[in-house]
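Novice: Handing you a structure now.
The values are calculated or read from the model by the stated rules, or taken from the named source; none is laboratory data. What you see is a predicted model; the values in this text were computed from it and never measured. In this analysis, Cβ positions are derived from the backbone assuming ideal geometry, glycine residues included, and neighbour counts consider all displayed protein chains.
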């Protein structure tokens, strides 16, 4: 991998098979903006157990295989730090998907960010923070942008 | 297929663990703004206190009516 890889977990009350999200990700991949490494569909039972869901009909039969291998704990895996998500620096899929919910988990490599990240590293820069703006702040930013035009 | 997820390190885009400059991390800020309920009061000491507390719990959870609660509390030996 050369670009930063994001794990995007999109939750659904019930899994929708519309394919809209996949279509958008595919468009971005075709444009070279991102590389969709894999997508996995999961459901979390009311008892808290996570189960993988079959790939949608017509999709690559290997869809989800890489993500499953990567996100799940192997029997001889000593990578697991501890259950419960009490350390804010670690997370697991079970922290993200609520019981009774379903989610699409995408592993996305951000090709567009690769030169930026390399430039940051070359210049000795360090990312101090990164976040997404909340809708209210986004509206404020829109208004300010309009006013300053 | 059952999936047992492993814990992954949360990092920023550059691969560094996010540094919050001495401020609370988002998770800590969330925890601070969503305080957990206070721990339950210590268990009553005497048997009568325990019985009253148990009856209070039954009343609070709707198992017994206020009238029944009053009647049963009156039976508790001081």
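Novice: Out of the residues in segment A:1-49 that are touching a helix residue (DSSP H, G or I) at 6+ places or on another chain (Cβ under 6 Å) and farther than 13 Å from residue A:111 by Cα, which is surrounded by the most Cβ atoms within 10 Å (Cβ to Cβ)?
Specialist: The extreme case among them is A:40.
Novice: Restricting attention to segment A:115-149, report how many residues are farther than 14 Å from residue B:15 by Cα and part of a loop (DSSP other than H, G, I, E, B).
Specialist: 7
Novice: Can you spot a residue in segment A:116-136 that is touching a residue at least 40 places away in the same chain (Cβ under 8 Å) and under 23 Å from the mean Cα position of the chain (by Cα)?
Specialist: yes
Novice: Test each condition in (1) under 27 Å from the mean Cα position of the chain (by Cα); (2) modelled with pLDDT under 70 for residue B:6 and report the one that comes out false.
Specialist: Going through the list (1) under 27 Å from the mean Cα position of the chain (by Cα); (2) modelled with pLDDT under 70, residue B:6 breaks only (2).
Novice: To continue, here is another question. Examine segment A:100-111 for a residue that is modelled with pLDDT under 90, at negative phi and surrounded by fewer than 15 Cβ atoms within 10 Å (Cβ to Cβ), and state whether such a residue exists.
Specialist: Within segment A:100-111 (the criterion being modelled with pLDDT under 90, at negative phi and surrounded by fewer than 15 Cβ atoms within 10 Å (Cβ to Cβ)), the answer is no, since none of the residues qualifies.
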